[in-house]
Amino acid sequence: MMRTPQPGPTVVDAPTIARKAVPFDAGAFFRRYAALAGLIALLLFNFVWTPHFWSLQTLNVNLTQVATIVIVSVGMTLVIATGGIDLSVGSLMAISGALAPLIFLSPFGREHVALSNLLAFVVSIAAAGLLGAFNGWFITRFRVQPIVGTLVMFIAGRGIGQVLTNGNLQPFHNPTFQFIGLGRILGVPVQVIVMLVLVAVAAWMLRRTLFGRQILALGGNERAARLSGVPVDRVKRWVYAISGLCAGIAGLVVISINSSSDANLVGLGMELDAIAAVAVGGTPFTGGQASVVGSLIGALLIQLLRYTLLANGVPDAAALVVKGVIIAGAVWSQQRGKSA
Amino acid sequence: MSAETAKLPAATRPSRLAWAAQQRVLIALILLILFGALRYDHFLGAFNVLSVLRYNSMFALTSLGMCFAIMTAGIDLSVGTTAACASVVAAIFSPMGLLPGMLAGLGVGLAVGIVNGFMVARMKLLPFIATLSGMLMASGTGFLLAHNQSVSVSYDTDFTWLGQGDLLGFPVPAWIAGAAYVYGSLLLHYTSFGRYILAIGGNEEASRLMGLPVDRVIFWTYVQSGVLASLAGVILAAQFGAGQPAEGVGWELFSIAAVVVGGTLLTGGVGSVATTLAGVLLLGLIFNVLNFENGLGWISLSAYWQSVVRGVFLMIVVMAGSGAARRAIRSA
């Protein structure tokens, strides 16, 4: 770990510029962009071999399934860019998913339909965001390692969701609310639009705003960032809050698709799916660098791989094994791409 | 803060913190047991004590492997699914008898451990990523071998003795876990391997420069964690009469919590085997106490409260550790 050079916020390493003069090194290029190359290769494979792949329906199925993971990964990418990690996202999804039906199914909610739908959105997402902010507060106030700090919310959070609903399934039928998971705008599923907007905003924020530069600066070298006047603790708290907000949105998407909320299951294992997408997308866990678009590509790659295997008759369990190999392989090839 | 920390030699500061945390976990465990013993009639009864020990021995085993991985500044996310996969394999081989079933199960842990160790020590993947990948591989293999359903173990052989039997009045799993902790303690305190683990966790680069076999020690740490997790899986199969590919979800995070409660720092370099066991028992007893509390009839807490209580407990432990950290630094 000590041997990896600490990249500053602006990553313009001289060798890359110099290398432009030399002939294009395809090997190094593909190692560096392994995830993108893998995604393109998989797409080509599917066009040739998988029947009915080239249809809008297939595209929509895959995008719909991947949307929640990408939405959570956006927040996770920012957290990992600060050198942290957020294990609590799945539990926060369960909480926001448990809260929304409690609001619009309540007697008050049935009387004031429009207001309760609005409240269901705002309160659930805000609650997840607040608990995310609590993660950030806990981590910065007590100087706790992020993995331990968010482990608290991972354990307690799902319990809170279960206690809220008494562990019961909450079935519902609420087309207005479920627009976020079932609706379409110009044929595009709404959650896919939400996903793309979040990715675009986060990518823009990381590159173009002070807050984004501060995230990368403190992730690269926290002491240096603190000494140069970056409000390290405040930035971190916001980053964990944003991760919580993303998880809150994802929780609402999931329950809308299912037309029911089950606090025992919503978001289960999501933290590892999101972390895998971020890792495959090329954001290093040491912090200081981040690619939100990379996380999108990573999530798409993992999803498409699973789809390809299932569509070609490989059992889901074997797909899990392949997923494990792909995660290790992608991260390994990126490491080699950087050192090469 | 930097000026204050500089006054202390780097080596003593974290170990002093860990020592304080370890004392606290022992005190907390004793207090919880006293509370239970005074409040509930059958808390210290043979039935309750033995069933708590029998059930928690599985988590004790996964936490022991996790404890060593964390002491090298690593982590092993694969312990839960390794146990699940091992329980399936052990169940498949159980008709051949106790020993073949157990050895086949342990083989799973050996294999997963070797893969994890290779990825961390040779491919230089971050332990978190490497063992996340190992976790998925073990889980997928378990489901494949079990054809997505539980595999019943054979009751014709004495395989189930490993999970359900007693020896000298104590459950066999408790004996196994106890033996593993004695082994772990001896390994940590009386072998060069144990000292290397702490040295590497404290400062990997310095250990490398000193000529310690860093990669080899890390490799074997993950193999050991895999084998211990698969032992938990064998007990799982024997105790519940089935190999269960879907079990083990969240065991890794429970184990991490137990290790943290036990005062082992995730930064590596310091740790204690004995207090990890105390951490496991503490988290396990919280559930037990909640059950007894419900039994009294004063309050009715649903089982879902146990995760809330565990989370809050972990939070208090971490906060207490942090407070003690600042006091220790100030007083030095």
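Readers should treat all values here as calculations from the given coordinates under stated rules, not as data from a laboratory. None of the values given here were measured: they were computed from a predicted structure. Heads up, the Cβs are rebuilt from the backbone with ideal geometry, glycines too, and the neighbour counts pull from every protein chain shown.
Can you name the residue in region B:137-177 that is under 13 Å from B:Gly241 (Cα atoms) and charged (D, E, K, R) and, of all such residues, is nearest to the other protein chains (Cβ to nearest Cβ)?
Of everything passing the filter in region B:137-177, B:Asp156 is nearest to the other protein chains (Cβ to nearest Cβ).
Given the options A:Ala217, A:Ala156, A:Ala202, name the one that is in contact with a Leu (Cβ under 9 Å, 6 or more places away or on another chain) and more than 28 Å from B:Ile256 (Cβ to Cβ).
The match here is A:Ala202.
Given the residues A:Val190, A:Val163, A:Val232, which is the only one that is farther than 23 Å from A:Ile69 by Cβ and in contact with a Lys or Arg (Cβ under 7 Å, 6 or more places away or on another chain)?
On inspection, the qualifying residue turns out to be A:Val232.
Taking region A:189-212 as the region of interest, how many residues are free of Cβ contacts under 8 Å to residues at least 24 places away in the same chain and within 21 Å of A:Phe121 (Cα to Cα)?
Final tally of qualifying residues: 5.
Yes/no matrix, rows are residues, columns are (1) in a helix (DSSP H, G or I); (2) surrounded by fewer than 24 Cβ atoms within 10 Å (Cβ to Cβ):
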| site | (1), (2) |
| --- | --- |
| A:Val199 | yes, yes |
| A:Arg207 | yes, yes |
| A:Gly212 | yes, yes |
| A:Arg234 | yes, yes |
| A:Tyr240 | yes, no |
| A:Ser256 | yes, no |
| A:Ala263 | no, no |
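For A:Leu296, indicate whether it is more than 11 Å from chain B (Cβ to nearest Cβ), assigned to a helix (DSSP H, G or I) and either more than 25 Å from A:Ile193 (Cα to Cα) or in contact with a Ser or Thr (Cβ under 8 Å, 6 or more places away or on another chain) (or both).
yes
Condition (residue is touching a residue at least 40 places away in the same chain (Cβ under 8 Å), β-branched (Val, Ile, Thr), buried (at least 20 other Cβ atoms within 10 Å of the Cβ) and under 30 Å from B:Val317 (Cβ atoms)) applied to region A:128-151: is it met by at least one residue?
Scanning region A:128-151, I find at least one residue that is touching a residue at least 40 places away in the same chain (Cβ under 8 Å), β-branched (Val, Ile, Thr), buried (at least 20 other Cβ atoms within 10 Å of the Cβ) and under 30 Å from B:Val317 (Cβ atoms), so the answer is yes.
Residues to consider are A:Asn135, A:Asn166, A:Asn174, A:Asn117; find the one that is within 12 Å of another protein chain (Cβ to nearest Cβ), among the polar types (S, T, N, Q) and either on the phi < 0 side of the Ramachandran plot or in contact with a strand residue (DSSP E or B) (Cβ under 6 Å, 6 or more places away or on another chain) (or both).
A:Asn135
Can you go through B:Thr191, B:Thr131 and tell me which one is buried (at least 17 other Cβ atoms within 10 Å of the Cβ), more than 9 Å from every other protein chain (Cβ to nearest Cβ) and either of a type outside the set (D, E, K, R) or more than 30 Å from A:Ile85 (Cα to Cα) (or both)?
B:Thr131
Kindly establish whether A:Ser295 is farther than 24 Å from A:Leu87 by Cβ and either among the hydroxyl-bearing types (Ser, Thr, Tyr) or in contact with a strand residue (DSSP E or B) (Cβ under 9 Å, 6 or more places away or on another chain) (or both).
no
What's the total number of residues in region B:194-203 that are within 14 Å of chain A (Cβ to nearest Cβ) and closer than 15 Å to B:Ile75 by Cα?
3
Each row is one residue, and each column tells you yes or no for (1) among the small types (Gly, Ala, Ser); (2) without any contact (Cβ under 8 Å) to a residue 40 or more places away in the chain; (3) more than 9 Å from every other protein chain (Cβ to nearest Cβ).
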{"site": "A:Leu304", "(1), (2), (3)": "no, no, yes"}
{"site": "A:Gly313", "(1), (2), (3)": "yes, yes, yes"}
{"site": "A:Leu320", "(1), (2), (3)": "no, yes, no"}
{"site": "A:Ala330", "(1), (2), (3)": "yes, no, yes"}
{"site": "A:Gln334", "(1), (2), (3)": "no, no, yes"}
